[in-house]
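Worksheet: one structure, shown below.
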2 protein chains.
Amino acid sequence: MAEAEQKLANGTVRIDFATDPSRYRHWKLGIDGKVATLVLDVDEKGGLFEGYDLKLNSYDLGVDIELADAFERIRFEHPEVRVVLLRSGKPRVFSAGANIRMLAGASHAHKVNFCKVTNETRNAIEDASAGSGVRTICVINGTAAGGGYELALAADHIILVDDGSSSVSLPEVPLLAVLPGTGGLTRITDKRKVRRDRADFFCTTEEGIKGKRAAEWRLVDETTPHSRLEAVIAARSREFAGDAVPSPYPAPQAGEDKSTHPPTHAGEGREGAVHAVPLTPLERKLTPDRRDYKYVSVAFDRAARVTTITLRGPDSPPPASAEEMAGCGAAFWPLQVARELDDAILDIRLNELDVAAIVFKSEGEPRAVLDYDLFLDQQARHWLAREIRLKWKRVLKRIDLTSRSLVALIEPGSCFAGTLAEIVFAADRSYMLIGQRDGDNRLPAMIIPGDVNLSGTLAMSNGLARLRTRFLGEPEGYEKARQAVGQLLDAEAAEALGLVTFALDDIDWNDEIRLFLEERASFSPDSLTGLEANLRFGGPETMETKIFARLTAWQNWIFQRSNATGEAGALSRYGTGRKPEFDTKRA
Amino acid sequence: MAEAEQKLANGTVRIDFATDPSRYRHWKLGIDGKVATLVLDVDEKGGLFEGYDLKLNSYDLGVDIELADAFERIRFEHPEVRVVLLRSGKPRVFSAGANIRMLAGASHAHKVNFCKVTNETRNAIEDASAGSGVRTICVINGTAAGGGYELALAADHIILVDDGSSSVSLPEVPLLAVLPGTGGLTRITDKRKVRRDRADFFCTTEEGIKGKRAAEWRLVDETTPHSRLEAVIAARSREFAGDAVPSPYPAPQAGEDKSTHPPTHAGEGREGAVHAVPLTPLERKLTPDRRDYKYVSVAFDRAARVTTITLRGPDSPPPASAEEMAGCGAAFWPLQVARELDDAILDIRLNELDVAAIVFKSEGEPRAVLDYDLFLDQQARHWLAREIRLKWKRVLKRIDLTSRSLVALIEPGSCFAGTLAEIVFAADRSYMLIGQRDGDNRLPAMIIPGDVNLSGTLAMSNGLARLRTRFLGEPEGYEKARQAVGQLLDAEAAEALGLVTFALDDIDWNDEIRLFLEERASFSPDSLTGLEANLRFGGPETMETKIFARLTAWQNWIFQRSNATGEAGALSRYGTGRKPEFDTKRA
C-alpha cells in the first residue's frame, strides 16, 4: 500500500518540539494568580503539514506540541498555579478533534506516532493533577467532538454549557470508521466509568449528547446555562485552587507509585515557591547525522538503522541548598538532561522512522549521578525537586513507550547509577562489559542501584517501579537489588543480581553487539513493535497501559484496514460526498 | 487487498465444532484412574482446509476443536480425573505450532477468529485447573515451537527433556514477522513472570532455549534426562493428583471470581462423583437460514446481516436431587442450553463472518429459569453442578469475546432471569418492551436478577461479575440490583435500576430496533470490533483480558501489515527460499 507522504509546511524538513508561548499559533496562555487559562484558538493556516486547513479548532501534532509545552511551563515557570482552565477562543465550537484531512493524508507511521504523542500530552495533564495538584477544568461552550472531547476527558472537571446545542461526542466509529485515538474509550470506561451500554450508545451516535443527559451519564461533570457560565467557572476555579479539593478522578495507579500524592499542606506546597524556573530554549546543534545538546548526544548510523544516545553525567557536584538549585534554573543538571533526552526521543520517534534500535550509553562518574539523586531525595518536599522527578518519570515513560528496540550498553567510563540506571531497566536488553579494554585504562564499568530505582518515584505506566516489574517472578531478586543500593556493581555482580541481561568479555563484546543490532534491524519492524509492547509491561494494568496497549493496538489495526484508509474507506472518503464501501466480514 | 479464501477440505461448507473421541484424527485420549493422557499425533492429511499438510504436529482449527472437546469430556465424562498429561505421539517433536501454510492462506478474518478460539481452548485448560482442580502436565520430548510451546504454557507444569535437542521456542517474530497468537507473550510475562530482557532474548531467538537454561529462566518447570522421563512423569502425576497440591500458577483473577476455588477436601471433590455425564451429540437441524437445537434456535436474516438467537427456558421443574440431576445427564436443561448456545456462537463466529449483530431473545417462564439457578446454588458442592456453572461461565465469556454487536430484546413471553439475564448484561445494548402488545395477551416482559448475577460465579474475563462491571461508576446501582434479587422487574423498573439500556413503548419498538440494527450494519465492522473490545471490559485486567485485548489487537494489526501478509511478507514467503522484504518504518 503506497502511502502518500504529506509534506511539512513552510519548507521545513523535521518536526520540531521546541516552542514557547511567544511562538504559539494555536493557544493563548494567561496567568492570573493561581489560575492559568489556556485558550484554544487554532490558526487554520498553521498546519504542520501542507494540504489541509485546521478548521473548527481541529488539531494536528503542531497544536499538541504547544499544549504540551504550555503544561510544562505552567509547572516550572508558574509554580503558584493550581488550576488550568481549558477554553475555546472560537464561538460555538470547543474543538472538532484531530484534523481529518491530516489523518487521511498522513502515513500510517505518522498517524500512530501522532496518536501516541497526543496521548502522552493528555496523560501529562493528568500527571499535573495527580503529581503536582494542578487541576484542569475544561469549559465546553459549543461542540467538543472526537479528539476535542478526548482532550476534555483529560481534565479533572468538565463544564458543559446547556444551551441546546453545545455537546460532547465521539463520532469516530459512525463517521470515520476508526476509533477515538487519544484515550477516549478508556477514559469513558475506566476514568469516568460510564455504563457500558450508555458508552456504546454514545460512541455510535454521531451527533453526541448534550445538556442534562451528558451530566446524568457522567460524560461531563456539570452543566450550566450560558448566563451562569462565568460565575460557575469562577466558583469551580476557587474550589479547585483550594488545598482541600482532591481530584474527583484520582489516577488509577497501582499502589507503589509514590509520585501521585500532591502536597495538600501549606509550606510543602507549590505556593511555597519563590523561584519560578524559566524553561530556557535548549541549545542544540543539529547536523545530518547528529544532534548535540549539552548533556545528550544523538548519533545516527543510518546504514545500520541504529541511533546511539549518549547521556553525560553532571559536571559539578549538586548544589548546597534548594535555593541554589532553584538559582540554577533550567541549567540544573537533572532538569536539563531530562529536557534534552525528551527532545531527542521525540525527534527520533517522529522524524526518524527508519531507526530500528536506540542504543543508550552514558559518560561520567556514577557516584556523581547518585549524589544528585541524594540531593533530590533530601529536597523531596521542595516543589522544584518534585517537579524534576515528575519530569523524569514522564520522560522515562516516554522511553518505555517508544516503539524502537532499546538497548543499554554499559562500558568503562559510563555512569548508569540511580536515575540514569532506570534507562538500563527500561531497555529491552542491556549488555555490560566485564573488566577493562585493551589500551583503555579507565576502571571497569560499574552500575549503582539507588533508592530511586526501588521507591516507585519513577514508576512505569503500570504503576510499578521498573525493578519491581523486572522481578515480578522473583521477589527475592527485588530484595537483593534493594540490599545493593548504593553499591558499585561490576558486570558480573550486576548480571548475578539480574540487573543487566548479559555481562560480556572484551573478546565477545564487539561481535555480540554487532550481531544483535544487525539481527534486530533484520526483523519486521511491526512484529517488534507488537512484541515490545507486550513484553515491556508485565504485571498490573492502569488506565495508561490500557490506553497504550489495548486501545492503541486496536487503533493501529483499524487505521490499517481498508474500511478506514483504503481508497473507498471512510477516512479517505470523508467530505467527498461519497459513501464509504465496507468489507462486511467481522474479524 | 483481495484475500484468497481457502476451501474447506472434503467438500464441506462449514466448520463443525461437534466431535467426539471416536472421530478424533489428531488426539488420542486415554484414561487411567485419576490420570488422563492426551497424545497429540496430528494426521498430516487431516487439515480442515485444502492446500496444506499438518506436518510435525502443526495444527489448524480442526486440531483445536478436538482438544477443546477432549477437555470438556474429561470434565463431564471422567470426573474422577485430576491430572491431564499432554504428550506428543511423534518422535523428536512436541508440536511445531499453528500451521504456517494454513495461516498464509487463510483470510484475515479466519486468522483472527482461529486465534481467538485457540486462545479460548487454552483458557479452558487453565479453567479446568482453577475451577475443577484438574491439573495439566505438559511433557516436551522434542521441539515445542510457537503455538506448540503456547499450548504447553497453558499447563500447570512443563517437563522438558534435557537431551541437547528438545527445546521450547517462540520463533514467530524472527521467522514469520507475526506475534505468537495464542497467549504466549502474556503467559510469559504474567503467568510465568519471565524477566523481560530474558523474554526479549527468548522471543527473538529462532532456535529457542533448551535444557537447564529453560528451567532457570522459568520457561519450563523442570528438566529431566530422557532416561528418567517416565519416572518423573509418574511422580508428578501422583503429586498433582493428590488433594494438597495447589496450582503453581493460580489464575490471576480479580477477587470476586467465585469459581476458582476448586475443592480440596474429600467428599466435596470430584472423586465423590458416582455418575459420569456422557456428552451425547447435540441434535441440530441445520437449514440454510436456521439452526434449530432443542432449546436454542438461530435464525439468519442475511439481507439485514442480523442473526437472532432464541433461548428457550426449561420445560420442566428442576430435579429433586443431585442424583436426579446426574441421571438427566446431558439433557439436564442448564447443561444442554449451554452446550447448544456454545455451538451456535462458534458456528456464527467461524462460518458466518458477514453477520453484523446478534440479537438475543428468550422464550419461557422467568421464574422457572430462576428455579434452576436456585437448584444449582443448593447443589453448589456437587461436582456436576459446579461443572455446569463453570461451563456457563465459559460460554458467557465466549459471548463477551464475540466480535459482533450484541443486543438483547426483552419482550413479552421472555425469560431473562438469573443465568439467562447474564446475556442481557453481556449485550452491548438491551431494549425492553413496556407493557403488552396489541393482540398479544401475554403478560408484560419481566426480568429477574438472581444471586448468580451478583456473586461472581459467572465472572467475566476481567474477574468481575457483569453487574459489578456495569456499575463500576455507581456502586449504589450495584446495591440496588442486589436488593432487587428475586423480584420481577418490568421494563420501567429495569430501566430505572440501570439493568437494561432502554425501555420502549410498543409504538416506538419496531422502528427503534430496526433503525438501530440498520445503523449497526452500516458501520465499519472493524471499528465496531475495536469499539466493543474496549467498551465491554472496563475495570481490572487479568491475564485473559490482556490476551484478548492487548495481545490480540497487536496480532490483528500485524497480520494485516504487508511485512507479514503482503506478497513479499515473511508469512507469505515462508518456505519459498526467498527472503521477505520489509518496510522498515517503525510505527
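The values are calculated or read from the model by the stated rules, or taken from the named source; none is laboratory data. Note that this is a predicted model, so its numbers are computed, not measured. Note that we place each Cβ from the backbone using ideal geometry, even for glycine, and neighbour counts take in every protein chain shown. Surface areas here come from the heavy atoms of the whole protein model, side chains and all, with no ligands, DNA or RNA. Shrake-Rupley method; radii C 1.70, N 1.55, O 1.52, S 1.80 Å.
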With A:Ser169 itself left out, Lys, Arg at +1 and Asp, Glu at -1 over residues whose Cβ is under 12 Å from its Cβ give -3
Measure of exposure for B:Asp53: accessible area at 1.4 Å probe, Å² rounded to 10, is 60 Å²
Per DSSP, the loop-located GluC sites (Glu not before Pro) within the range B:518-587 having at most 13 other beta carbons within 10 Å are B:Glu567
For A:Pro444, inter-copy label-point distances (7 Å, Cα→Cβ), nm, shortest first, read 8.2
Here the range A:499-510 yields Karplus 3J(HN,Hα) values (6.51, -1.76, 1.60; θ = phi - 60°; whole Hz; Gly and Pro given as x) of 8, 10, 6, 9, 9, 10, 6, 4, 4, 8, 3, 4
Of the convex hull enclosing the alpha-carbon atoms of the range A:455-587, the direction-averaged projected area in nm² is 12.8 nm²
Once all protein chains are kept in place, B:Glu172 shows an accessible area at probe 1.4 Å, nearest 10 Å², of 20 Å²
Dipole check, chain A, charges on Cβ (K,R +1; D,E -1), about Cα centroid: among A:Gly47, A:Ile423, A:Ala494 the Cα furthest to the positive pole belongs to A:Gly47
A correct Stokes-Einstein calculation for the range B:375-441, using the alpha-carbon Kirkwood radius, 37 °C and 0.692 mPa s, returns a whole-number D in µm² s⁻¹ of 236 µm²/s
With a Förster distance of 45 angstrom and the Cβ-Cβ distance between A:Ser107 and A:Gln487, calculated FRET efficiency to the nearest 0.05 equals 0.40
Rounded to whole Å², per residue accessible area for the protein assembly as shown with a 1.4 Å probe reads 34 Å²
Phi angles of the range A:306-312, converted by Karplus (6.51 cos²θ - 1.76 cosθ + 1.60, θ = phi - 60°) into ³J(HN,Hα) in whole Hz with x for Gly and Pro, give 10, 10, 10, 10, 10, 9, 9
Under the helix-only model (-39500 (n - 2.57) for each DSSP H run of 4 or more, divided by the residues of chain B), the mean residue ellipticity at 222 nm, to 500 deg cm²/dmol, is -11000 deg cm²/dmol
Sorted list, accessible surface of protein heavy atoms, 1.4 Å probe, largest first, for A:His275, A:His110 is A:His275, A:His110
Computed over all unlike Cα pairs, the Kirkwood hydrodynamic radius of the range B:80-179 in Å stands at 14.5 Å
By accessible area (1.4 Å), largest first, B:Ser403, B:Ser165 order as B:Ser165, B:Ser403
Sorted shortest first, the nm distances from the A:Pro248 label point (7 Å along Cα→Cβ) to its counterparts in the other copies are 5.0
Here, the range A:23-108 modelled as identical Cα point scatterers in vacuum has Debye log10 I(q)/I(0) at q = 0.15, 0.20 Å⁻¹ of -0.56, -0.88
A correct Stokes-Einstein calculation for the range A:1-150, using the alpha-carbon Kirkwood radius, 20 °C and 1.002 mPa s, returns a whole-number D in µm² s⁻¹ of 136 µm²/s
To the nearest 10 degrees, the tilt of helix A:366-378 (Cα long axis) against the first principal axis of the alpha carbons of chain A is 50 degrees
Per the protein assembly as shown, sqrt(5λ) over the Cα gyration tensor eigenvalues, sorted largest first, in Å, gives 47, 38, 28
Given the candidates B:Ser562, B:Ser403, B:Val13, the one whose Cα lies deepest towards the positive end of the charge dipole of chain B, counting +1 at each Lys or Arg C-beta and -1 at each Asp or Glu C-beta, is B:Ser562
Rounded to the nearest 10, the angle in degrees between the Cα long axis of helix A:61-77 and the longest principal axis of the Cα atoms of chain A comes to 70 degrees
The helix A:229-241 Cα axis meets the longest alpha-carbon principal axis of chain A at an angle in degrees, between 0 and 90 and rounded to 10, of 20 degrees
Shortest first and in nm, the label-point separations between B:Asp315 and its counterparts in the other identical copies (7 Å out along Cα→Cβ) come to 8.9
If every Lys and Arg gets +1 and every Asp and Glu gets -1 at its Cβ, then about the Cα centre the protein assembly as shown yields a dipole, in debye to the nearest 20, of 480 debye
With Rh as the Kirkwood radius over Cα pairs, chain B has Rg/Rh of 0.96
So the carbon and sulfur contribution to the accessible area of chain B, 1.4 Å probe, in percent, is 51 percent
To the nearest 20 debye, the range B:24-125 has a Cα-centred charge dipole, built from +1 on Lys and Arg Cβ and -1 on Asp and Glu Cβ, of 320 debye
In debye to the nearest 20, the charge dipole size for the range A:1-56, taken about the Cα centre with +1 at each Lys and Arg Cβ and -1 at each Asp and Glu Cβ, equals 180 debye
At the level of C-alpha centres, the distance separating the range A:393-471 and the range B:317-337, in angstrom, is 60 Å
Between chains B and A, total accessible area buried, probe 1.4 Å, no ligands or nucleic acids, nearest 100 Å², roughly 8500 Å²
Given pairs A:Lys116/B:Lys585; B:Lys28/B:Lys90; A:Lys111/A:Lys393; A:Lys294/A:Lys393; B:Lys191/B:Lys546 and cut-off 18 Å on Cα-Cα distance, the over-length ones are A:Lys111/A:Lys393; A:Lys294/A:Lys393
